[in-house]
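Colleague: Sending over a structure as structure tokens; questions will come in a sec.
The values are calculated or read from the model by the stated rules, or taken from the named source; none is laboratory data. What you see is a predicted model, and the numbers here were worked out from it, not measured in a lab. Note: ideal-geometry Cβ built from the backbone for every residue, glycine included; neighbour counts use all protein chains shown.
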Amino acid sequence: MKGRNFLTLLDYTPDEIRQLLALAAQVKNEKKNGIFPERLKHKNIVLLFEKTSTRTRCAFETAGYDEGARVTFLSNSQMGKKESLEDTAKVLGRFYDGIEFRGFKQETVELLAKHSGVPVWNGLTDLYHPTQVLADLLTISEHVDKPLNQVHFVFVGDARNNMGNSLMIGCAKMGMHFTALAPKSLFPGEELTARMRELCKKTGGEITLTENVADVKGADVIYTDVWVSMGEEDKYAERIKLLLPYRVDRRMLDLTENPDVKFMHCLPSFHDLETAVGRSVYETYGLEEMEVTDEVFRSVNSIVFDEAENRMHTIKAVMLATMTDILD
Ligand code: CP
Ligand code: NVA
């Protein structure tokens, strides 16, 4: 995989995804045992951020430092303002051995990949969040006592956002049963769904789109994300109306009839009033919690912080796979 970009899971075969997950498990184990082989020594990486982040930035930084890389965080560059994407990519490609990008358009990360000549990693765009899905798959494999291709995974909420898209792709690639539970207007796009259903014919996966909360029955994992993604801040009123019936609460977990059902969330999450946005939503709409209740978020079913930690191990695997010959 040396020299490859990581822009969307669509570009990776099931076998390559399995190799990345195995490498992530290996580097996680190494770190837990204090083994730091510094396989990225003398590599420079740059992290470009148009949108805010805690996990993705810190995962790239810590993973990079663990492996001996040097890291630049850049959120105020000339890119797109005084300098074209193409020129920026050409400059950064001269300085750096790898580029991470988080921002709005998928096209931006594609252009950086096209013109920089070094591996480019997608740290979230409006369309996809592939590094998150690798962490999610690793977390499921650690917590659900079944092979991935027997797991019934339910994504609840805004199923046409970057997480809905990327999780549908990840689950289809791994041969999982993916259910999107959402109001019809927030179902994943028809074209991507059709493409993933076609892929499922080969991988043994299954894709269900439903508006009916009772369809969580038999789920191994209930996953949700914020109702309003970064860049859509004018949509609170509309989304709250549409998604209130889809809040993940104790009742929804009970409907799975699986006492071991796992709750997952890519984070950050609005499960209490401890955030400025949460308080502002409370003042305007009277909601104390949004996509998940505080009870479920803090319950024994919740594995959200193991999931967050796995961002670091899986991102380390992606950097090692694409900047070294470790998987070649
Ligand atoms: N899950 C995730 O991408 O978190 P950040 O927005 O904090 O990077
Ligand atoms: N869908 C969310 C994911 C955050 C990690 C967003 O784009 O804001």
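Colleague: For residues in the stretch 243-275 being within 16 Å of ligand 1 (Cβ to nearest atom) and assigned to a loop (DSSP other than H, G, I, E, B), which is farthest from the chain's Cα centre (by Cα)?
Modeller: Per the criteria, the residue is Glu274.
Colleague: For Arg197, indicate whether it is surrounded by fewer than 18 Cβ atoms within 10 Å (Cβ to Cβ), at pLDDT 95 or above, under 23 Å from the mean Cα position of the chain (by Cα) and not in a strand (DSSP E or B).
Modeller: yes
Colleague: While we're here: Taking Val221 and the conditions (1) within 16 Å of ligand 2 (Cβ to nearest atom); (2) under 22 Å from Met168 (Cα atoms); (3) in contact with a Phe, Trp or Tyr (Cβ under 7 Å, 6 or more places away or on another chain), which numbered condition does it fall short on, given that it satisfies the others?
Modeller: (1)
Colleague: I'd like the full set of residues that are assigned to a loop (DSSP other than H, G, I, E, B) and surrounded by fewer than 18 Cβ atoms within 10 Å (Cβ to Cβ), limited to the stretch 206-229.
Modeller: Glu211, Asn212, Lys217, Gly218
Colleague: Residue by residue through the stretch 252-278, note down the ones that are of a type in the set (D, E, K, R) and under 25 Å from Asp145 (Cβ atoms).
Modeller: Asp254, Glu257, Asp260, Lys262
Colleague: Search the stretch 208-232 for residues that are within 14 Å of ligand 1 (Cβ to nearest atom) and pair each with any residue that is of a type in the set (Lys, Arg) when their beta-carbon atoms are under 6 Å apart and the residues are at least 6 apart or on different chains.
Modeller: Between residues of the stretch 208-232 that are within 14 Å of ligand 1 (Cβ to nearest atom) and residues that are of a type in the set (Lys, Arg), the close pairs are Val228/Lys235; Val228/Arg239; Met230/Lys51.
Colleague: Which residues, taken from the stretch 152-203, are hydroxyl-bearing (Ser, Thr, Tyr) and in contact with a strand residue (DSSP E or B) (Cβ under 6 Å, 6 or more places away or on another chain)?
Modeller: Answer for the stretch 152-203, where residues must be hydroxyl-bearing (Ser, Thr, Tyr) and in contact with a strand residue (DSSP E or B) (Cβ under 6 Å, 6 or more places away or on another chain): just Thr179.
Colleague: Output the residues belonging to the stretch 299-320 that are buried (at least 23 other Cβ atoms within 10 Å of the Cβ) and among the small types (Gly, Ala, Ser).
Modeller: Ala317
Colleague: Can you give me the number of residues within the stretch 114-149 that are assigned to a helix (DSSP H, G or I), among the small types (Gly, Ala, Ser) and under 17 Å from the mean Cα position of the chain (by Cα)?
Modeller: Going through the stretch 114-149 one residue at a time, the tally reaches 2.
Colleague: Output the residue which, of all residues in the stretch 37-47 that are closer than 19 Å to Ser77 by Cα and touching a residue at least 60 places away in the same chain (Cβ under 8 Å), is farthest from ligand 2 (Cβ to nearest atom).
Modeller: Checked the stretch 37-47; the qualifying residue farthest from ligand 2 (Cβ to nearest atom) is Ile45.
Colleague: Quick one: in the stretch 91-113, which of the residues that are crowded, with 24+ Cβ neighbours inside 10 Å and more than 14 Å from ligand 1 (Cβ to nearest atom) is nearest to the chain's Cα centre (by Cα)?
Modeller: Only one residue fits best here, namely Val109.
Colleague: Considering only residues that are crowded, with 20+ Cβ neighbours inside 10 Å and either without any contact (Cβ under 8 Å) to a residue 24 or more places away in the chain or in a helix (DSSP H, G or I) (or both), which ones fall in the stretch 150-159?
Modeller: Those that are crowded, with 20+ Cβ neighbours inside 10 Å and either without any contact (Cβ under 8 Å) to a residue 24 or more places away in the chain or in a helix (DSSP H, G or I) (or both): none in the stretch 150-159.
Colleague: Answer yes or no as to whether His129 is more than 16 Å from ligand 2 (Cβ to nearest atom) and at pLDDT 95 or above.
Modeller: No, not satisfied.
Colleague: Taking the stretch 1-58 as the region of interest, how many residues are under 21 Å from Asn165 (Cα atoms), surrounded by 14 or more Cβ atoms within 10 Å (Cβ to Cβ) and among the polar types (S, T, N, Q)?
Modeller: Matching residues across the stretch 1-58 total 4.
Colleague: Now for a different question. For the stretch 54-94, name all the residues that are closer than 16 Å to Thr131 by Cβ, touching a Phe, Trp or Tyr at 6+ places or on another chain (Cβ under 9 Å) and part of a loop (DSSP other than H, G, I, E, B).
Modeller: Within the stretch 54-94, Glu67 is the sole residue that qualifies.
Colleague: If you don't mind, there's one more thing I want to ask. Given the conditions (1) away from ligand 1 (no atom under 16 Å from the Cβ); (2) farther than 15 Å from Arg311 by Cβ, which single one is not true for Glu142?
Modeller: If we test Glu142 against (1) away from ligand 1 (no atom under 16 Å from the Cβ); (2) farther than 15 Å from Arg311 by Cβ, just (2) comes out false.
Colleague: While we're here: Name every residue in the stretch 48-88 that is within 16 Å of ligand 2 (Cβ to nearest atom) and in contact with a helix residue (DSSP H, G or I) (Cβ under 6 Å, 6 or more places away or on another chain), in order of residue number.
Modeller: Passing the criteria: Arg55, Ala59, Phe60.
Colleague: Out of the stretch 275-298, which residues are of a type in the set (Gly, Ala, Ser), closer than 15 Å to Ile240 by Cα and surrounded by fewer than 14 Cβ atoms within 10 Å (Cβ to Cβ)?
Modeller: Once the filter is applied, which keeps residues that are of a type in the set (Gly, Ala, Ser), closer than 15 Å to Ile240 by Cα and surrounded by fewer than 14 Cβ atoms within 10 Å (Cβ to Cβ), the stretch 275-298 yields Ser280, Gly286.
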